[in-house]
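The values are calculated or read from the model by the stated rules, or taken from the named source; none is laboratory data. Quick caveat, the model's predicted, so the values are computed rather than measured. Note: ideal-geometry Cβ built from the backbone for every residue, glycine included; neighbour counts use all protein chains shown. Heavy atoms of the whole protein, side chains included, go into the accessibility calculation; ligands, DNA and RNA do not. Shrake-Rupley method; radii C 1.70, N 1.55, O 1.52, S 1.80 Å.
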Amino acid sequence: MEENYLKAAREILNCVGGETNIVSAAHCATRLRLVLKDDSKIDLDALERIDLVKGNFNNGGQFQIILGTGIVNKVYAEFIKIAHITEMTKEELKQQAAKKMNPVQKLLKTLADVFVPILPALVASGLLMGINNILTAQGMFIPGKSLVEAVPAIKDFAEMVNLFSNAGFTFLPVLIGFSAAKIFGATPILGAVIGAIMIHPDLMNGYGYGQALLDGTVPYWHMFGLSVAKVGYQGTVLPVIASSFCLAVIEKRLRKVVPAMLDNIVTPLLSVLLAGALTFLFIGPVMRGVGDVMTNGVMWLFFDLGAVGGLIYGVTYPLLVITGMHHSLVTAETQILANIGTLGGSPTFAVVAAANCAQGAAALAVMCRSKNDPKMRSMASASGISSMLGITEPAIFGVNLKLRYPFYGALIGGGVGAAYATIMHVLSVSQGPCGVIGVICIRPDCMAQFMVSMAVAIASAFAATMMLGKVLGQKEGEGKAGKPAPAAEEKPAAGIETEPGCIYAPVEGKAIPHTEIQDPTFAAGVVGEGVGIIPVKGEVVAPFDGQISMFFDTKHAIGLVSDDGVEILIHVGVNTVELNGKYFTPLKQSGDKVKAGDRLLEFDMDGIRGAGYDLTTAVLVPAPNHVELVKTGEVKQLDKILTTS
């Protein structure tokens, strides 16, 4: 078998342009991660024909080759030998990958990094706004009346929901300040303080700034011969990001020159004082103008270009998803929603939802065409439904990009649906899941047209994908899309002794199908099928009697094999490989024999969550095993969750 790993390593090296094209390499639990000098030298067709390769994608300057647990580390060991490169950590690889980005890519990545951690707060606020819409919209259920008017007893409840929904946007600069300061290397809580200063109630509310300029009633501070506008930054995004960057620069330099005994007093004082002063003198006014230009540009795209603008946005969005840069669009969306009283709503939500539903429809078309390929049929159906709910990565990476023509069909359908939504002026009043269920975030008078837009996108994408499939002559089960999964050395024959074919929960929490894990590789079943568990306790125990085949150096993932030969991967969290072992405490090591219930690993849930990572723990069984999920919802350790055959 060692010869197979060496052979695969040599073939991969040839497919990525040879030794001279390699900048650096690392691996996580499932993927070989490469930074290359020239991505155009990659031979994708040849790469996908390699037996051990299960898939690939390019993201954030890294070319990632999916090999699977228990394989990637062995291929990697051979790869670095023949490529004559030194072993590198994942964090070092990310730094190398960032060097390949141009300034625009770095800017977009920075914006994405700032907003990703606070997205849950924005989504929660958005869904609460949707509930408020249902309660207060005139004529939605009762002609001429809202639910609140028809049922006065729920009036106070509606007011409470409205307050909860507004909080995230009212104090958004505080959230952004905290996240941005962390990204830029400043003390996060000082970033939150800068955000709070920018919306202090003693300042004139930023929403009234435009009218105050016209009326000549803007208040000013007069100091040292300067007149500084005493105006808040409600409804803005870019000013607090720029101010947090300024804070980080000041704080880092002060840390180098302030004596250690005074550092905890002098550095925070001067950092906040200088960054706050620069915010109101220069940074805020300039970035307010930049934000207004950006917002006006998006509004021009939709309201002046109309259907053409919507089509452009709808076709471009999935392309940004491939690169991971789509999160940066939250900047414009957030600023538009923060000024909803003036703008009436955001036109981008419906367009993105149409693009997402189109990806799902294309995957479902693949399902209909995959009559002779049960594995592709299963993957396409699950990922198609996931896309309809707003999670597109499984469909994009697991199905549509693999076959190419479904992705083209999805672009067509997404563009058509987006154009229709733009023509009909479908506006949202909050953020939320960009799929069919996102109707709750739409302005009540636009809800019907939102659903029509989704139907147009789905029908167009499905039809286009079916037609392109026939025209291009591609059939699932043939060529690179239908490449059979590599055979395991030995097919598992049974489960644990007490109940053959069973795998028990290694963590306590809420079990979900693997297709719902927020990682495209896991969700698409590329590594294997199984279950995700959202943990409520930071402990992993053995799910059967067996042996630890591998305890990863980064401590976040464990490979095990049962006494009867069932192999599994337990992967704690999504992208937690980037923590490089921080917050994880191994209690066993590779090669140890274990009994069901033996404690294997402890992890700091608060630390991992605070670092911005999803804690969902994947329990996956590699192909070609048949896996059935027997329990979802609340599970305790050693509850039966999977059966294999």
Of (1) in a loop (DSSP other than H, G, I, E, B); (2) open to solvent by less than 40 Å² (accessible area, probe 1.4 Å); (3) closer than 14 Å to Tyr504 by Cβ, Gln637 satisfies every one except (2)
Could you please let me know if Gly177 is modelled with pLDDT under 80 and among the small types (Gly, Ala, Ser)? no
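Does Glu48 qualify as being within 22 Å of the chain's Cα centre (by Cα), at pLDDT below 85 and not β-branched (Val, Ile, Thr)?
Against the criterion (within 22 Å of the chain's Cα centre (by Cα), at pLDDT below 85 and not β-branched (Val, Ile, Thr)), Glu48 does not qualify.
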Anything in the stretch 529-547 that is of a type in the set (A, V, I, L, M, F, W, C) and either open to solvent by 10 Å² or more (accessible area, probe 1.4 Å) or part of a loop (DSSP other than H, G, I, E, B) (or both)? List them, or say none. Ile534, Val536, Ala542, Phe544
Output the number of residues of the stretch 430-460 satisfying the condition of being within 22 Å of the chain's Cα centre (by Cα) and not in a helix (DSSP H, G or I). 6
Considering each of Lys371, Lys402 in turn, give the residue that is of a type outside the set (A, V, I, L, M, F, W, C), in contact with a Lys or Arg (Cβ under 9 Å, 6 or more places away or on another chain) and not in a helix (DSSP H, G or I). Lys371
Right, Ile570: within 22 Å of Glu508 (Cβ to Cβ), among the aliphatic types (A, V, I, L, M), over 28 Å from the mean Cα position of the chain (by Cα) and in a strand (DSSP E or B) or not? no
Quick check on the stretch 225-243. Is at least one of its residues in a helix (DSSP H, G or I) and aromatic (Phe, Trp, Tyr)? no
In the stretch 241-259, is there at least one residue being modelled with pLDDT of 90 or more, closer than 24 Å to Gly126 by Cα and under 36 Å from the mean Cα position of the chain (by Cα)? yes
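I'd like to know if the stretch 211-227 contains one or more residues that are among the aromatic types (Phe, Trp, Tyr) and under 36 Å from the mean Cα position of the chain (by Cα).
No, that holds for no residue.
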Using the structure shown, decide if Asp113 is of a type outside the set (Val, Ile, Thr), under 24 Å from Pro433 (Cα atoms) and out of contact with any strand residue (DSSP E or B) (no Cβ under 7 Å at 6 or more places or on another chain). yes
Please work out which residue is surrounded by the fewest Cβ atoms within 10 Å (Cβ to Cβ), limiting yourself to the stretch 551-571 and to residues that are touching a residue at least 60 places away in the same chain (Cβ under 8 Å) and hydrophobic (A, V, I, L, M, F, W, C). Phe552
Tally, over the stretch 577-587, of residues that are of a type outside the set (Asp, Glu), open to solvent by less than 70 Å² (accessible area, probe 1.4 Å) and at pLDDT below 90: 3
Among (1) assigned to a helix (DSSP H, G or I); (2) open to solvent by 10 Å² or more (accessible area, probe 1.4 Å), Ile176 falls short only on (2)
Of all residues being modelled with pLDDT of 90 or more and within 24 Å of the chain's Cα centre (by Cα) in the stretch 588-606, which is surrounded by the fewest Cβ atoms within 10 Å (Cβ to Cβ)? Just the residue, please. Asp604
